[in-house]
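Asks: Sharing a structure below in structure tokens format, with a few things to ask.
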Amino acid sequence: MIETEMSLKEHDESRQGEAVMLGDKEKASGRKLYIESYGCQMNFADSEIVASILLDKGFSTTSDYKEADVVFINTCSIRENAEQRVRNRLKEFESAKSKKPGMIVGVLGCMAERLKSKFLEEEKLVDVVVGPDAYRDLPNLIEKVDDGTRAVNVLLSREETYADINPVRLNTNGVTAFISIMRGCDNMCSFCVVPFTRGRERSRDPYSIVQEARDLFNAGYREVTLLGQNVDSYKWAPQGDEAGVDRTPITFAKLLEMVAAVDPLLRVRFSTSHPKDITNEVLYSIAKHENICNYIHLPVQSGNSRVLELMNRTYDRSWYMERVDAIKRIIPDCAISTDVITGFCSETEEEHQDTLSMMDYVQYDYAYMFAYSERPGTLAAKRYQDDIPEEVKKRRLTEVVEKQRAHSLFRLQQQVGKTHKVLIEGFSKRSDKDYCGRNDQNAMVVFPVDNRYKVGDYAYVLAETCTSATLIGKIVD
Ligand code: SAH
Ligand code: SF4
Ligand code: F3S
């Protein structure tokens with residue numbers, strides 16, 4: 001399984017598919033909202049918060065932007081082409097807006113935060129610009145636009161986690177859902193815009209996280225993915241100074257166990273782990289609980305220590321290898337995926353070879369691979385020259401992609417002949433005679449429908465063969 005910038009269409013860093021349009025929900029008396037999301041899973045989760053806030057104010061939703069009163073685009077800034085895609089999409093909204101006087105067009109998310117009120121100057125059709133920590137202010141901002149002023153709120157917060165807001169699940173399969181457990185990022189990877197667009201790192205109250213997982217389970221969901229830019233630095237302790245309150249901080253390992261305890265039938269996944277912070281304690285929690293999935297997304301970015309230092313990743317090649325060794329020792333059948341950047345500032349051919357040899361060392365199940373894209377305001381943009389020619393970045397990317405293609409196939413082939421516990425997520429894209437779902441290691445498995453099983457059930461599936469991205473098999477009793 002591979003995903004590259006070259007093959008991505010509507011979305012960017014997202015690990016869940018195309019840009020998602022809001023499905024039709026019950027019609028309320030008020031106006032209609034259309035929201036489209038780009039970027040990472042956290043952005044998709046945020047759109048569910050936004051929908052919840054506006055549905056509370058009497059909005060209903062529509063999957064057709066042409067009939068919407070409010071059109072929101074939740075944006076990503078991670079690479080230049082992510083922003084370009086949003087600008088192109090905004091152009092498509094222009095004619096709809098001209099045909100529907102009073103239509104409000106809003107830009108939310110990371111690009112809103114990065115460009116702030118400049119957005120209003122650059123894109124004339126935009127009425128409202130809202131950063132990721134200001135969504136509670138949306139009803140008020142919409143009112144301002146109704147009164148004839150364009151509105152901006154891009155204040156970042158040190159506290160906001162939207163813990164009390166019950167997300168409206170959008171485009172859901174009814175089986176798997178995301179739960180944001182923290183916001184922001186305190187790392188300063190030199191290539192990365194996220195600390196600027198998402199602000200300081202803060203962890204959400206664990207009891208609200210467990211409650212959300214429990215509510216989802218009771219509504220029939222069977223898998224939750226806990227989301228944060230760096231989940232291993234999750235940390236929460238009660239505020240205040242009353243006596244008798246246990247103030248031992250809750251770590252990510254503890255949180256994982258708390259969510260896993262909701263029900264043995266609820267699968268728990270998480271993303272993203274940072275190689276500098278992932279602890280053996282977390283690995284032991286995964287190993288100990290059958291329902292915490294044996295799958296870790298551990299972005300390496302580069303296999304070369306000098307480049308990692310320039311990237312300010314705060315680990316080196318041997319540290320990363322040691323963490324991979326620990327994963328393989330403590331969770332022997334764990335799948336590992338990664339993110340790779342090719343052609344970072346001053347990267348030499350030998351250093352690029354180190355990335356390829358790291359891939360050989362780990363044998364990743366899956367990878368997201370990108371050519372370096374300089375982002376304004378980042379440490380790398382200020383300190384280093386973006387001096388690797390575009391064609392060299394692309395050629396290195398192709399080499400990384402080719403290697404990953406081979407490794408993904410190899411890792412899937414290793415799973416052929418084995419029986420997998422699969423959570424049935426729905427019908428296969430190709431045929432409604434087949435179910436699809438994932439095994440513990442996050443590999444997609446396709447197998448013929450068996451009427452004794454329905455979507456949301458677990459089935460044991462013998463993998464008989466595989467394609468480059470999917471295991472194919474049949475249910476065994
Ligand atoms: N918090 C995660 C990454 C979030 S961004 C982590 O630390 O791993 C997702 C991925 O986008 C990154 O892992 C990186 O591979 C890629 N990325 C981020 N900034 C980029 C840039 N300027 N150019 C190319 N790829 C970038
Ligand atoms: Fe960006 Fe680094 Fe934070 Fe990930 S850990 S979001 S790459 S700054
Ligand atoms: Fe993109 Fe923002 Fe996520 S920049 S990757 S949407 S945190």
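The numbers here are math on the coordinates, done by the rules we state, and not lab data. Please read all numbers here as calculations on a predicted model, not as lab measurements. Cβ coordinates were reconstructed from backbone atoms using ideal geometry, including for glycine residues, and neighbour counts include every protein chain displayed.
Asks: Under a Cβ-Cβ limit of 4.7 Å, which cysteines in the chain have nobody to pair with?
Replies: Cys with no partner Cβ under 4.7 Å: C40, C76, C110, C185, C293, C334, C345, C436, C466.
Asks: Only sites in a loop by DSSP and with at most 11 other Cβ atoms within 10 Å count here; which GluC sites (Glu not before Pro) in the stretch 64-163 make the cut?
Replies: The qualifying sites are E159.
Asks: In addition: Apply 1/(1 + (r/R0)^6) to the Cβ-Cβ distance of T279 and Q239, taking R0 = 22 Å, and write down the FRET efficiency to the nearest 0.05.
Replies: After rounding to 0.05, the efficiency reads 0.35.
Asks: Given a Förster radius of 25 Å and the C-beta distance between R247 and T314 as r, what FRET efficiency does 1/(1 + (r/R0)^6) yield to the nearest 0.05?
Replies: Given R0 = 25 Å and the Cβ-Cβ separation, E is 0.35.
Asks: Let me ask something else about it. Please state, to two decimals, what the Cα-based radius of gyration of the stretch 317-358 comes to when divided by 2.2 N^0.38 Å (N = residues).
Replies: Details: Rg = 12.8 Å, N = 42, 2.2 N^0.38 = 9.1 Å.
Dividing the Cα radius of gyration by 2.2 N^0.38 Å gives 1.40.
Asks: Only Cα pairs under 8 Å and at least 6 apart count here; give the relative contact order of the stretch 69-190 as a rounded whole percent.
Replies: After rounding, I find 19 percent.
Asks: Going through the DSSP H helices of the chain, which span 24 Å or more along their own axis at the Cα atoms while scoring at least -1.0 as a mean Kyte-Doolittle hydropathy?
Replies: TM-like helix candidates: nothing returned.
Asks: Taking the Cβ of S305 as the centre, find all other residues whose Cβ is under 11 Å away and add up their charges (Lys, Arg: +1; Asp, Glu: -1). Let's see the in-between values first.
Replies: Values: positive: R306, R313, R317; negative: E309, D316, E351, D354.
Summing Lys/Arg as +1 and Asp/Glu as -1 gives -1.
Asks: Please work out, to two decimal places, the log10 of the ratio I(q)/I(0) at q = 0.06, 0.12 Å⁻¹ from a Debye calculation in which every Cα of the chain carries one identical scatterer.
Replies: Listed by q, the Debye log ratios stand at -0.27, -1.15.
Asks: Oh, and also: Given the convex hull over the Cα atoms of the stretch 279-391, what projected area results after averaging over all orientations, in nm²?
Replies: Convex hull of Cα atoms, orientation-averaged projection: 7.7 nm².
Asks: Quote to one decimal, in nm, the extra length available between E322 and D215 on full extension: 0.36 nm per residue of separation minus the C-alpha distance between them.
Replies: 34.7 nm
Asks: D146 label point, 7 Å along Cα→Cβ, cut-off 15 Å on backbone N: hits in the stretch 68-88?
Replies: Only 69-71 pass the distance filter.
Asks: Related question: Between E402 and F427, what is the spin-label point distance in nm, taking each point 7 Å from the Cα along the Cα→C-beta axis?
Replies: 4.0
Asks: Over the stretch 419-475, how many percent of alpha carbon pairs lie in each 10 Å bin up to the one with the longest distance?
Replies: P(r) over the stretch 419-475, rounded to whole percents: 28, 64, 8.
Asks: Can you list the residues, at least 5 places off or on another chain, whose amide H is less than 5 Å from the amide H of F178, using H built in the peptide plane?
Replies: T225
Asks: Same structure, new question: Gain in length, E159 to V392, computed as 0.36 nm per residue apart minus the alpha-carbon separation, to one decimal in nm?
Replies: So the chain would gain 79.6 nm between E159 and V392.
Asks: Same structure, new question: Using the beta-carbon distance between R200 and D477 and R0 = 56 Å, what value does 1/(1 + (r/R0)^6) give for FRET efficiency, to the nearest 0.05?
Replies: Values: r = 52 Å, r/R0 = 0.92.
Efficiency for this residue pair is about 0.60.
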